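Everything on this sheet refers to the single structure shown next.
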Amino acid sequence: KLHVTNPAGGWIFETKEMVLRKGDIYGTCCVVLKIGKLGRFQIGDLERFLLPKTPTPKDGEARSLSHVWFIRAIQTLKANKVVHCTNIDALTNELAELGNRQYKETEMGKGYILATSDNCW
């Protein structure tokens, strides 16, 4: 899991390994989308690719910078041949559609959904 978060009010880049299972509940996580496989890469490679190139949001900019972070992260992974993504806008729309279908279930404590992307592999 690689993402930016603000658990104590200040934004930080968080990286940790997790085992995800269908039906698990992880905070307000709504969708977990598989976008590729590590293949010849290690987690450390992904951190090295992403950490220097992705912005950390400033307070009050979470929503817009989270989207910017996501787009830049996918572009960086694509440039380093970690993933193949034919259309980043389609990937963004795919995530939004999955989230819109799932968020009420997540709010009711039913966990997140696991899905595999049709637009990125």
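The values are calculated or read from the model by the stated rules, or taken from the named source; none is laboratory data. Worth saying up front: this structure is predicted, and the values here are computed from it rather than measured. Heavy atoms of the whole protein, side chains included, go into the accessibility calculation; ligands, DNA and RNA do not. Shrake-Rupley method; radii C 1.70, N 1.55, O 1.52, S 1.80 Å.
Values as computed for the structure displayed
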| quantity | calculated |
| --- | --- |
| Residue 105 - accessible surface, heavy atoms, 1.4 Å probe, Å² rounded to 10 | 70 |
| Solvent accessible area, Å² - residue 114, 1.4 Å probe, full protein context | 80 |
